[in-house]
Amino acid sequence: MSETNQHIILKTENLSIGYKTKKEETSIASNINIALKKGELIGLVGGNGIGKSTLLRTLTQVQPKLSGAIHLNHKPLETYANIDLAKTMSLVLTETIASKNLSVFELIALGRQPYTNWVGNLSEKDISIINTAIQQTNIDNLKHKKCFELSDGQLQKVMIARALAQDTDLIILDEPTTHLDMYHKVYILKLLQKLVKETGKTILFSSHEIDLAIQLCDTMIVMTKTEVTSDSPCHLIQQGTFNTLFPEDLITFDATTGSFRVKK
Amino acid sequence: MSETATYRNSYLVLILVLIACFFANISLGSVSIPLDEIFNSLINSAKNESWQYIIQNYRLPKAFTAILVGSGLGISGLLMQTLFRNPLAGPFVLGITSGASLGVALVILGAGVFGGFFASLLISKWTIVIAASLGSFLVLLAVLIVSSKVKDTMAILIIGLMFGSITSAVVSVLSYFSSAEQLQQYIFWGFGSLGNLSWNELAIFFIIYCFGILLSILSIKGLNTLLLGENYAKSLGLNIKQSRLLIIIATSLLAGTITAFAGPIAFIGLAVPHLTRQIFNTANHKILLPAVFLFGAIVMLICDSIAQLPASDYTLPINAITSLIGAPVVIWLLVRKRKMVF
């Protein structure tokens with residue numbers, strides 16, 4: 001047991017998430033027990049409004065939890081200072097960046113901010129880490145372009161490179177495949193799978209591409225109204241978890257192909 | 001500084017242009033003074049005593065004021081545009097000018113309305129400087145206190161604008177009850193002026209200005225991180241509230257003293273950062289900050305030289321010249337490049 005514990009990057013115990021105002025607490029999901037293991041690609045799926053974003057926001061300390069515990073590298077998440085959290089966890093968000101006038105290299109270089117000096121000068125080590133991130137994401141040809149010249153798919157690769165440059169154990173991506181065409185959805189998810197294998201990092205992403213996630217992820221976290229389940233895609237299919245994901249009036253899950261079908 | 005090295009030539013050109021503008025500014029005016037005489041007067045003394053007097057006590061302090069005002073307004077405009085992610089932001093969005101106007105209006109116009117204490121005030125230059133500083137400080141304090149209660153940076157922008165509306169309304173009420181002479185005096189303050197600063201005043205101006213510049217330099221890393229947006233900046237370990245405060249204090253020191261000593265000078269703070277971004281084509285503040293400093297100083301020196309109407313006895317309001325010269329330049333740049341860089 002202790003040996004498996006060492007490989008766990010992030011773990012929640014009886015976590016409750018939701019929103020708190022002065023008057024009342026609105027719980028969105030509770031009793032969440034998940035563990036993210038080192039070197040795994042983890043997909044988080046669930047219907048709209050089920051609380052995927054809230055869960056990610058809570059895990060990344062953007063919003064406070066309601067109750068329970070979150071441990072990051074065996075330390076409670078809330079004990080992390082901003083700068084230490086930035087060295088352990090990097091993010092790719094759905095929002096667009098504020099200034100698209102940055103060059104691709106400059107943008108990726110901003111991933112080194114937690115490590116640079118007061119004015120943000122890059123050391124030789126910083127530059128070599130940035131170049132590695134550029135190679136790992138195959139964007140050498142984009143290096144000198146400005147961000148406003150990039151397509152959505154290219155920009156997403158650049159944002160992933162930026163997260164890589166931040167050199168963290170854990171990378172969390174919020175719906176990295178939205179706005180992308182079928183080919184680029186697969187491309188980005190395959191890239192994440194490759195990065196997990198090459199770098200041994202843990203990558204957690206939320207997505208609506210359930211069939212793709214089933215094919216590519218090591219572990220999946222499935223959020224439904226009643227519970228949050230986490231297991232390997234095969235086990236989840238066997239247990240019939242995906243059948244409970246959506247109301248059954250329009251689509252059903254086909255266990256033999258691992259995908260959803262429209263009801264005729 | 002490998003990133004700044006590629007821009008070394010551009011900086012060098014700008015520095016040369018700045019020096020040229022500086023001497024042209026001293027040379028031009030109602031009396032034109034030849035360049036070699038300027039050098040003479042700086043080193044020992046000029047042949048012509050009145051020239052020596054004009055240079056030492058009038059044109060030299062004015063040229064230095066122009067450099068401080070132009071660079072300070074440009075930099076505070078840059079800070080505000082990045083903080084608020086808004087190309088329309090300038091040094092005065094936080095209500096600094098409106099506060100200064102209120103202070104000055106109370107002193108100049110208040111005499112007619114309230115009489116008593118205000119009427120007994122001798123309206124000297126220092127009274128105006130102090131009134132402007134107090135006014136902008138108090139309004140800024142109010143904006144800061146209200147802003148600390150809101151999480152969203154955009155809300156600060158709106159709050160600053162609202163305070164601006166309140167103060168300008170108070171100024172309107174005061175104007176309504178004032179005499180024509182008082183109104184004229186108030187309007188003249190609003191034209192802005194770079195002259196009239198003694199060396200002592202310039203020294204005080206310079207010290208506060210340096211603090212503002214120092215804080216701006218300390219904000220460079222935070223500003224660059226903010227280019228990604230606040231959520232990304234936070235995920236990179238940036239303490240948003242702290243950097244926001246640092247940026248706001250830097251802006252207030254710069255824009256506040258400038259308004260106190262030179263009046264509400266429009267346009268430079270808004271236009272110079274755009275001009276610099278278009279020409280340097282970068283968003284990196286490590287490169288932009290020195291460039292904005294140089295451009296701001298150059299533009300202000302040129303505007304002041306034109307406002308002096310060389311070889312005539314008239315001086316035009318500097319506030320009108322900055323917009324008259326600056327606005328067409330920015331429009332031309334935007335049309336030529338077809339794409340706004342922000």
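Taking only segment B:26-84 into account, find how many residues are of a type in the set (Val, Ile, Thr), within 29 Å of residue B:259 (Cα to Cα) and surrounded by fewer than 19 Cβ atoms within 10 Å (Cβ to Cβ).
Of the residues in that region, 1 qualify.
Output the number of the condition that residue B:229 fails; it satisfies all remaining conditions of (1) within 14 Å of another protein chain (Cβ to nearest Cβ); (2) on the phi > 0 side of the Ramachandran plot; (3) within 15 Å of the chain's Cα centre (by Cα).
It is condition (3) that residue B:229 fails.
Just to check your reading of the model, which residue among B:30, B:41 is in contact (Cβ under 8 Å) with a residue 60 or more places away in the chain, more than 30 Å from residue B:250 (Cα to Cα) and among the hydroxyl-bearing types (Ser, Thr, Tyr)?
Sole residue among the options that is in contact (Cβ under 8 Å) with a residue 60 or more places away in the chain, more than 30 Å from residue B:250 (Cα to Cα) and among the hydroxyl-bearing types (Ser, Thr, Tyr): B:30.
In segment A:142-224, which helices (runs of 4 or more DSSP H) lie fully inside it and hold 1 or more residues that are over 24 Å from residue B:233 (Cβ atoms), at pLDDT 95 or above and in contact with a strand residue (DSSP E or B) (Cβ under 7 Å, 6 or more places away or on another chain)?
A:182-199, A:210-216
Take the conditions within 23 Å of residue A:9 (Cβ to Cβ) and touching an Asp or Glu at 6+ places or on another chain (Cβ under 9 Å) and apply them to residue A:260. Does it pass?
no
Residue A:142 is checked against (1) buried (at least 17 other Cβ atoms within 10 Å of the Cβ); (2) over 19 Å from residue A:60 (Cα atoms); (3) more than 10 Å from chain B (Cβ to nearest Cβ); (4) under 22 Å from the mean Cα position of the chain (by Cα) and fails just one. What number does that condition carry?
Tallying (1) buried (at least 17 other Cβ atoms within 10 Å of the Cβ); (2) over 19 Å from residue A:60 (Cα atoms); (3) more than 10 Å from chain B (Cβ to nearest Cβ); (4) under 22 Å from the mean Cα position of the chain (by Cα), residue A:142 fails exactly one: (4).
Could you list, in sequence order, all residues of segment B:306-322 that are more than 13 Å from the chain's Cα centre (by Cα) and outside any loop (DSSP other than H, G, I, E, B)?
B:306, B:307, B:320, B:321
Across segment B:85-106, what is the number of residues that are surrounded by fewer than 24 Cβ atoms within 10 Å (Cβ to Cβ) and free of Cβ contacts under 8 Å to residues at least 60 places away in the same chain?
Result for segment B:85-106: 0.
Can you tell me how many residues in segment B:247-305 are within 14 Å of chain A (Cβ to nearest Cβ), part of a helix (DSSP H, G or I) and among the hydroxyl-bearing types (Ser, Thr, Tyr)?
Total satisfying the criteria: 1.
Residue check: is residue A:125 more than 7 Å from chain B (Cβ to nearest Cβ), under 30 Å from residue A:141 (Cβ atoms) and assigned to a loop (DSSP other than H, G, I, E, B)?
no
Can you tell me which residues in segment A:203-262 are of a type in the set (S, T, N, Q) and closer than 30 Å to residue A:162 by Cα?
The answer is A:206, A:207, A:215, A:219, A:230, A:232.
Being farther than 27 Å from residue A:37 by Cα and surrounded by fewer than 22 Cβ atoms within 10 Å (Cβ to Cβ), is that true of even one residue in segment A:158-172?
So far as segment A:158-172 goes, no, none of its residues is farther than 27 Å from residue A:37 by Cα and surrounded by fewer than 22 Cβ atoms within 10 Å (Cβ to Cβ).
The rows are residues; the columns are (1) modelled with pLDDT of 90 or more; (2) under 17 Å from the mean Cα position of the chain (by Cα); (3) within 30 Å of residue A:124 (Cα to Cα).
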position	(1), (2), (3)
B:22	yes, no, no
B:30	no, no, no
B:46	no, no, no
B:56	no, no, no
B:72	yes, yes, no
B:81	yes, yes, no
B:84	no, no, no
B:91	no, yes, no
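Have a look at B:295, B:267 and point out the one that is over 20 Å from residue B:189 (Cα atoms) and in contact with a helix residue (DSSP H, G or I) (Cβ under 8 Å, 6 or more places away or on another chain).
Criteria check complete, one pass: B:295.
I'm trying to understand the selection: among the residues of segment A:83-95, which are at the interface with another protein chain (Cβ under 8 Å from one of its Cβ atoms) and of a type in the set (S, T, N, Q)?
Within segment A:83-95, just A:90 meets the criteria.
Please work out which one of (1) over 17 Å from the mean Cα position of the chain (by Cα); (2) of a type outside the set (D, E, K, R); (3) facing another protein chain (nearest Cβ under 9 Å); (4) part of a helix (DSSP H, G or I) is the condition residue A:120 fails and give its number.
In the conditions (1) over 17 Å from the mean Cα position of the chain (by Cα); (2) of a type outside the set (D, E, K, R); (3) facing another protein chain (nearest Cβ under 9 Å); (4) part of a helix (DSSP H, G or I), residue A:120 misses (4) alone.
Tell me, yes or no, whether segment B:171-194 has at least one residue that is hydroxyl-bearing (Ser, Thr, Tyr), surrounded by fewer than 18 Cβ atoms within 10 Å (Cβ to Cβ), under 23 Å from the mean Cα position of the chain (by Cα) and farther than 21 Å from residue B:252 by Cβ.
no
Would you mind stating whether residue A:106 is at positive phi and surrounded by 15 or more Cβ atoms within 10 Å (Cβ to Cβ)?
Considered against the rule, which asks whether it is at positive phi and surrounded by 15 or more Cβ atoms within 10 Å (Cβ to Cβ), residue A:106 comes out as no.
So which residues in segment A:97-117 are more than 7 Å from chain B (Cβ to nearest Cβ) and touching a residue at least 24 places away in the same chain (Cβ under 8 Å)?
Result: A:100, A:103, A:104, A:105, A:107, A:108, A:109, A:111, A:112, A:115.
Would you mind telling me which numbered condition in (1) in contact (Cβ under 8 Å) with a residue 60 or more places away in the chain; (2) more than 14 Å from the chain's Cα centre (by Cα) residue A:16 fails?
That leaves (1) as the condition not met.
Quick check, is residue B:177 under 30 Å from residue B:25 (Cα atoms) and either in contact with a helix residue (DSSP H, G or I) (Cβ under 7 Å, 6 or more places away or on another chain) or away from chain A (no Cβ under 12 Å) (or both)?
no
The values are calculated or read from the model by the stated rules, or taken from the named source; none is laboratory data. Bear in mind the structure is a predicted one, so any value in this text is a computation, not a measurement. Every residue, glycine among them, receives a Cβ derived from its backbone with ideal geometry; neighbour counts consider all protein chains shown.
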